[in-house]
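The values are calculated or read from the model by the stated rules, or taken from the named source; none is laboratory data. Bear in mind that the values here come from a model prediction, so they are computed numbers and not experimental data. Cβ sites come from the backbone with ideal geometry, for glycine too, and all protein chains shown count toward neighbours.
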Amino acid sequence: MRIQSSKIAFYIVLSLFLASCSTIKRVGEDEQLLTKNTVYVNDKVNNSENINNLLYQKANRKLLTIPIRLHIYNLARPDIDSILEANITKNPKRERRLERFLSRKQLDEYIASRIGINKWLKKTGEAPIILNPEKTKRSINRLEAYYFHNGWFTAKAESETIRIDSSRSKVDYFVNTGDPYMVDSLTVKISSPEIDTLYRRSEKKSRIQLNKQYKTVTFEQEKDRLNKYFRNSGVYHFSEDYVYFEMDTIDTNKKVKVELQIRDRLIKNQDSSRREPFKIYKVKDVNIFTDYSYNDRNKQQKDSATYKGYNLFSNEKLRFKPKALTDAVFITPDSTFRDKDRTMSYRHISELRTFKYPNIEYIENADTTLTANVFLTPLKKFGVEFSAEVSQSNIQTIGLSFNPSVLMRNVFGGAETLQLTAFGSIGSSKDAALDQDDFFDINEWGADLKLTIPRLLLPFNTTKFIPKSMSPSTRMSISTSSQTNIGLDKQNLIGTLNYRWKPNEKVTNRFDLFSIQYVKNLNPDNYFNVYSTSYNILNDIAQDVNYIGPNAELGIPGQANTFIQEAASNNPPFGLSSDNIQNISYIGERQERLTENNLIIASSYNYIRDNRTSLFDENFSIFRGKIESAGNLLSLGSKAFGAPKNINDNYEVFDVAYSQYIKTELDYIKHWDLGKKQVLALRTFFGIAIPYGNSNSIPFSKSFFAGGTNDNRAWTAYSLGPGSSDSNDEFNEANMKLAFNLEYRFNIFEDFYGALFADAGNIWNALDNIEDPQATFTGFQSLEDIALGTGFGLRYDFGFIIFRFDVGFKTYDPSYPMGERWLNDYNFRKAVYNIGINYPF
């Protein structure tokens, strides 16, 4: 209570201090502080962001009705350098005393620090907004222009400045729009026959709709549409400047008669000009210069080749397979000119990661044809990259990782890239399971070899349903790693072959033909040191039945494993109840699953639809879907060849029981831009992995967990669930997951943002070998075990990354009995504090 009282007292004192500070401290005698703008549109207040952004002057921004940044600015002293100098030099004796006490150098540093603090206050704060009548007039003109361009041609605006006191004023703006003008008719006047024919073909796609309110932006969109349409239909010399709209509003009763005019092409000579009808151009030749450099531009080409009508040239011996380059160039010989072909060529050539940004030029021939010259400058054969990062997680206090890599370009002459990446990391563990004194007791080392081919590597032709415009690529990779982390220690060997293609700018497809993963646990005997909660439960049961002796503890791993085996036998130790035997069975099953080696041979398909138009778009949706199947081919082969089974009735490959399951994940994200730097973000997730055939459980690496900085932020990672079980296991996981996240983001000032969030979800076991009713999903009734966490957060936008701090409170905790789940641990002491980089979704 004392702590809470001191906090309350602090906030009261802070509020009184800010309230006592005068907002007009830096306002001159003949100046007025602008405190508020109000815009009335047809006698109604309009607070929309679009309208407020039209005003040239806005009042100082406030947080909870207090202009905090203005107060910070007012703390700074104007002309601080001259004030400090005057205070020191006005008394020579005082100056000499300061120099003797501090030395001249320290005195100069003191003055510089005072000036620096003053500059920081000014930079962090916000200067008072002084009312400027000229800017008020400009705001009036902008308001009238805005409504004019949206169809209110007779809109009028005026303002009234209201004095609050001798130093403060507010401004009211009054807009009378009148009745809007409607588009009544559209006629066309096109001089060039070719242009007129093309226009008639696309007339139905016009952005201009009759009987709709006039908007200038609609006509700008139509100009842009026509320009793109004509330039992608062979009209090489066309531009937006040739499109002109003439409006007639005289005596039309608020109707707009529109005439679309497109004149002939203007050709200017030195002293004269003339007009000629536009013509359709075709691309006659496409020349690809494979190793162009400005210094060698006039040299004779030593090597050349012709492939499907393309001409390829090289200063030296041609090092690229023609097909690899022509697949990336969308300008086709003997085809109609299309402006978008050049844009697509730029993008696809850049995706090869083999050339610098290309240069593509068109040369006009005498017979209304064009010659396209594609100049490619190869990058160096080898490239070196290096990256490093610092991380923190629920497993480690701090982690350091580094990733050096070597890139080899044009490996087989087809613009393939081969990349060898080494990776290593060291970290300091939070877990006392590792019986070591080293600070950096977590490490991982490995290497990844990846070959990328800019086409689909398949034994049949795929161009009919996956053309080169979809940027198809094939990637083969093999990686290996060895890690010492949570005490079990693992070795991983992973090999993949996948295909990628993009039907359009929004959709990405990825098909993993196969993915092979082998996981070997190097230190399974350390299990009960790592999962100390399981050991403590097991040890308590052993002590209750006096398994070893009075208060004797189970030895790890021998006695602990023997106790589990005997409890599962036909003659369990004396004194064990059925509940005890069940709990020991759960512990044994979990131990076996988390210490067994895994062999996973899977195929999967990923679909992503991302509607974002740019990195700054805050009104978009993203859908991700994935389906994965493992073990089916091995199962068919094992049955076909009559392979023997192990003692657990499972087929094995290389003495490892392979995994067999089907897994699906559905992830949907939606952002709504609410204006004024406010965003509402939603995420929903569903995932389930069902074991069958050769497996009755899911490998740990393929299971789901809940909690953490990007999930339910009121629980740490792996600490939530499964279901309503009150599990204190270090790593809780299951094979089914539901998650729902809602976050409201808002700007506080400048680059500081705040957030309010609600995270819901949980994990369960479903259709596997777990029988604990609290941990399994049995139907809709299990949805009452969905956990709810709520909280708030702060963000700072550095431009290239966003630093995030979130505080999550357990609002509804399913681990408590029914009727006691709400707001049990809803306090700062039991809150979870999350630090993250960038937004969680």
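In table form, for the structure just shown:
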read-out: Out of Asn747, Asn762, sole residue that is in a strand (DSSP E or B) and buried (at least 22 other Cβ atoms within 10 Å of the Cβ); value: Asn762
read-out: Identity of the residue in the range 165-224, in a strand (DSSP E or B) and among the aromatic types (Phe, Trp, Tyr), that ends up surrounded by the most Cβ atoms within 10 Å (Cβ to Cβ); value: Tyr173
read-out: Residue identified as within 30 Å of Ser202 (Cα to Cα), of a type in the set (D, E, K, R) and either outside the structural domain of Glu505 (by TED's automatic domain parsing) or in contact (Cβ under 8 Å) with a residue 12 or more places away in the chain (or both) among Glu240, Glu316; value: Glu240
read-out: Unmet requirement for Gly693, which otherwise passes all of (1) touching a helix residue (DSSP H, G or I) at 6+ places or on another chain (Cβ under 8 Å); (2) surrounded by fewer than 15 Cβ atoms within 10 Å (Cβ to Cβ); (3) under 27 Å from Ile600 (Cα atoms); value: (2)
read-out: Whichever residue in the range 768-783 is over 34 Å from the mean Cα position of the chain (by Cα) and of a type in the set (S, T, N, Q) and, among such residues, is surrounded by the most Cβ atoms within 10 Å (Cβ to Cβ); value: Gln774
read-out: Matching entry among Asp327, Asp264 (being surrounded by 15 or more Cβ atoms within 10 Å (Cβ to Cβ), acidic (Asp, Glu), at pLDDT 90 or above and outside the structural domain of Gln213 (by TED's automatic domain parsing)); value: Asp327
read-out: Matching strands (runs of 3 or more DSSP E) fully within the range 235-344 where at least 1 residues are under 43 Å from the mean Cα position of the chain (by Cα), of a type in the set (Ser, Thr, Tyr) and within 27 Å of Thr218 (Cα to Cα); value: 243-248
read-out: Residue within the range 750-757 that is out of contact with any helix residue (DSSP H, G or I) (no Cβ under 7 Å at 6 or more places or on another chain), part of a strand (DSSP E or B) and of a type in the set (D, E, K, R) present; value: no
read-out: Residue in the range 125-145 that is part of a strand (DSSP E or B), out of contact with any helix residue (DSSP H, G or I) (no Cβ under 7 Å at 6 or more places or on another chain) and modelled with pLDDT of 95 or more present; value: no
read-out: Some residue of the range 360-383 being modelled with pLDDT under 95, crowded, with 17+ Cβ neighbours inside 10 Å and among the charged types (D, E, K, R); value: no
read-out: Single condition Arg624 does not satisfy, out of (1) more than 30 Å from Leu674 (Cα to Cα); (2) at pLDDT 90 or above; (3) of a type in the set (Lys, Arg); value: (1)
read-out: Failed criterion for Phe616 (all others in (1) among the hydrophobic types (A, V, I, L, M, F, W, C); (2) under 30 Å from Ile802 (Cα atoms); (3) not in a loop (DSSP other than H, G, I, E, B) hold); value: (3)
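One line per residue, one yes/no per condition, for (1) free of Cβ contacts under 8 Å to residues at least 24 places away in the same chain; (2) closer than 30 Å to Arg609 by Cβ; (3) surrounded by fewer than 18 Cβ atoms within 10 Å (Cβ to Cβ); (4) in contact with a Cys (Cβ under 7 Å, 6 or more places away or on another chain):
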site	(1), (2), (3), (4)
Asn492	no, no, yes, no
Phe528	no, no, no, no
Asp544	no, no, yes, no
Ala560	no, no, no, no
Asn571	yes, no, yes, no
Phe574	no, no, yes, no
Asn580	no, no, no, no
